[in-house]
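Below is one structure, written out as structure tokens; the observations come after it.
The values are calculated or read from the model by the stated rules, or taken from the named source; none is laboratory data. Only a predicted model underlies this, so the values are computations on that prediction, with no experimental measurement involved. As a convention, Cβ positions derive from the backbone with ideal geometry for all residues, glycine included, and neighbour counts pool all protein chains shown. Note: areas computed on protein heavy atoms with side chains; ligands, DNA, RNA excluded. Shrake-Rupley method; radii C 1.70, N 1.55, O 1.52, S 1.80 Å.
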Amino acid sequence: MELEFSGEIWHWRGPSPYHFVTVPEEDCGALEDVAPAVSYGWGMIPASARIGDTSWTTSLFPKDGRYVVPLKDKVRAAEALEVGETVSIRLTVDV
């Protein structure tokens, strides 16, 4: 399954700070449908992601009824991304 969408980068300041992009609500239904077949626990969905020329493997987190895509520091550095920027992401989930 492939999804492509745009979203704003936000920063989680919790005990383990990280940057994320939230999957739009209209794309979350498709992810919920495949989650039982691909999740490895806690609703996490393994995926490949791409922004610009940078690809990485990750796991989508369920949050507030939607999913979020974690952005690794190396991805943000490679693509010169900042909090508040809107980015286009391509996700691939193997089903």
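Within the range 32-59, track down each residue that is closer than 20 Å to residue 85 by Cβ, in contact (Cβ under 8 Å) with a residue 24 or more places away in the chain, under 14 Å from the mean Cα position of the chain (by Cα) and open to solvent by less than 60 Å² (accessible area, probe 1.4 Å). Walk me through how you get there before you give the answer.
Within the range 32-59, the first condition is being closer than 20 Å to residue 85 by Cβ, and the residues that meet it are 49-56, 58.
Right, trim to in contact (Cβ under 8 Å) with a residue 24 or more places away in the chain and you get 49-54.
Imposing the further condition that a residue be under 14 Å from the mean Cα position of the chain (by Cα) reduces the set to 49-51, 54.
Within the range 32-59, 49, 51, 54 qualify.
Condition first: hydrophobic (A, V, I, L, M, F, W, C), out of contact with any Pro (no Cβ under 7 Å at 6 or more places or on another chain) and open to solvent by 80 Å² or more (accessible area, probe 1.4 Å). Can you find one or more residues in the range 15-27 that meet it?
If we filter the range 15-27 for residues that are hydrophobic (A, V, I, L, M, F, W, C), which is where we start, we get 20-21, 23.
Next, from what is left, pick out any that are out of contact with any Pro (no Cβ under 7 Å at 6 or more places or on another chain): 21, 23.
Going one step further and asking which of them are open to solvent by 80 Å² or more (accessible area, probe 1.4 Å), we end up with none.
Taking every residue of the range 15-27 in turn, none turns out to be hydrophobic (A, V, I, L, M, F, W, C), out of contact with any Pro (no Cβ under 7 Å at 6 or more places or on another chain) and open to solvent by 80 Å² or more (accessible area, probe 1.4 Å).
Considering only residues that are in a helix (DSSP H, G or I) and buried (at least 16 other Cβ atoms within 10 Å of the Cβ), which ones fall in the range 60-95?
Of all residues in the range 60-95, those in a helix (DSSP H, G or I) come to 73-78.
Passing the criteria: 75, 76.
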